[in-house]
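Colleague: Structure in structure tokens, see below.
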Amino acid sequence: MTRRLAEVAAKVGVSTATVSRVLNGKGGVSEPTRQAVLTALDVLGYERPTQLRGERSRLVGLVLPELQNPIFPAFAEIVGGALVQQGFTPVLCTQNAGGVSESDYVDLLLSQHVSGVVFAGGAYTMQHDRHEHYQRLIERNLPTVLVNAAIDGLGLPGVSCDDAVAVEQAIAHLRHLGHTKIGLVLGMPGHIPSERKLLAARALTRATDFALPDELIARSMFSLEGGQAAATTLIRRGVTGLVCASDPIALGAIRAARRAGLAVPGDISVIGYDDSALMTCTDPPLTTVRQPIEPMGRAVVELLMNQIAGGSFAPGELLFEPELVVRASTGPTPHGL
């Protein structure tokens with residue numbers, strides 16, 4: 001590398017630092033000098049770096065918000081496997097508190113000249129987060145697919161599970177069991193999938209005799225601890241059924257019920273969302289609404305491959321219907337309630 005830099009610098013009559021800036025795509029070099037460096041590379045028989053050939057690598061970024069929720073590793077496995085079958089290598093990018101941000105990952109992936117990016121959860125699901133990095137992807141015409149509900153106006157294709165159907169299935173199941181005082185534990189305000197669930201629940205109150213006062217709606221981080229704290233508040237308000245926005249939140253709700261001396265499902269029923277790994281092994285096994293992640297994952301890769309091949313796409317989302325999976329965390333309402 002040092003020899004190459006020196007030869008090109010001598011050929012053009014510039015410093016090796018200037019040649020290095022050109023080869024690494026850095027600024028601070030005039031266009032005539034940049035072109036002279038590239039010409040010298042060709043004349044001396046050196047291969048231009050990928051980013052200077054106008055080509056993209058056969059890498060695809062897979063950006064996840066975390067790995068603690070089992071649904072994200074499961075999704076990564078499905079999408080990653082499908083990408084490998086298409087001859088692409090997934091590059092896993094996971095965020096953590098105080099670590100690399102989603103925006104930083106976008107810059108990193110752009111610098112690596114990836115062929116596309118898949119986001120599963122992230123800033124696009126939050127109304128109040130920053131979204132400028134998605135615009136950078138659009139400006140670079142980089143194939144991109146979003147998984148699950150996004151804010152309006154991004155103009156990127158997506159694949160989503162139908163949040164409205166999910167909450168309708170969960171509430172209908174609890175009402176069938178006789179529950180009338182049902183609480184919701186959702187993500188933080190502005191989280192689009194949670195807002196869709198809330199809108200669907202509100203619609204049920206207008207279309208049926210189901211009641212959902214504001215005091216029975218709680219917000220939570222997507223964690224066991226967050227679910228426990230939110231559910232504790234609703235349990236004190238007398239709910240007999242809880243519909244949760246994720247399986248970890250639901251497991252936190254079960255812990256909250258037990259800390260309050262209540263039996264699940266004898267005193268309170270709990271429903272999760274995702275049907276992530278090991279939900280059959282919890283105590284009790286968790287009733288949950290299953291996201292169909294296998295067909296969703298395949299659809300994500302198909303959308304991405306179509307863009308990489310130069311095909312057009314319609315902004316918006318493909319909706320997949322979830323499935324209620326009944327296990328032992330739900331049962332009839334307690335006698336007399």
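The values are calculated or read from the model by the stated rules, or taken from the named source; none is laboratory data. All values derive from a computational prediction rather than experimental measurement. Note that each Cβ is placed from the backbone with ideal geometry, even for glycine, and that neighbours are counted across all protein chains shown.
Colleague: Of all the residues that make up segment 204-233, how many are free of Cβ contacts under 8 Å to residues at least 24 places away in the same chain, out of contact with any Leu (no Cβ under 7 Å at 6 or more places or on another chain) and surrounded by fewer than 16 Cβ atoms within 10 Å (Cβ to Cβ)?
Modeller: 7
Colleague: Moving on to the next point. Which fully enclosed helices (runs of 4 or more DSSP H) of segment 157-237 have 1 or more residues being closer than 19 Å to Glu317 by Cα and modelled with pLDDT of 95 or more?
Modeller: Once the helices (runs of 4 or more DSSP H) in segment 157-237 are filtered for at least 1 residues that are closer than 19 Å to Glu317 by Cα and modelled with pLDDT of 95 or more, what remains is 163-176, 192-207.
Colleague: Further question: If we keep just the residues of segment 301-337 that are touching a Lys or Arg at 6+ places or on another chain (Cβ under 9 Å), surrounded by 17 or more Cβ atoms within 10 Å (Cβ to Cβ) and in a loop (DSSP other than H, G, I, E, B), which is modelled with the lowest pLDDT?
Modeller: Thr333
Colleague: Restricting to segment 1-32, name every residue that is at pLDDT below 85 and not in a helix (DSSP H, G or I).
Modeller: The answer is Met1, Asn24, Gly25, Lys26, Gly27, Gly28, Val29.
Colleague: I've got another one for you. For residues that are under 22 Å from Glu77 (Cβ atoms) and either of a type in the set (A, V, I, L, M) or in contact with an Asp or Glu (Cβ under 7 Å, 6 or more places away or on another chain) (or both), tally how many sit in segment 97-107.
Modeller: 1
Colleague: Considering segment 234-251 alone, what residues qualify as being over 20 Å from Thr333 (Cβ atoms) and either in the same structural domain as Ala149 (by TED's automatic domain parsing) or free of Cβ contacts under 8 Å to residues at least 40 places away in the same chain (or both)?
Modeller: Passing the criteria: only Leu251.
Colleague: Right, here's the next one. Suppose we keep only residues that are farther than 16 Å from Ala10 by Cβ and of a type in the set (S, T, N, Q) within segment 33-52. Which one would you say is modelled with the lowest pLDDT?
Modeller: If we take residues in segment 33-52 being farther than 16 Å from Ala10 by Cβ and of a type in the set (S, T, N, Q), then Thr50 is modelled with the lowest pLDDT.
Colleague: Go through Leu92, Leu142, Leu108 for me and flag whichever is out of contact with any helix residue (DSSP H, G or I) (no Cβ under 9 Å at 6 or more places or on another chain) and either of a type outside the set (Gly, Ala, Ser) or assigned to a loop (DSSP other than H, G, I, E, B) (or both).
Modeller: Leu108
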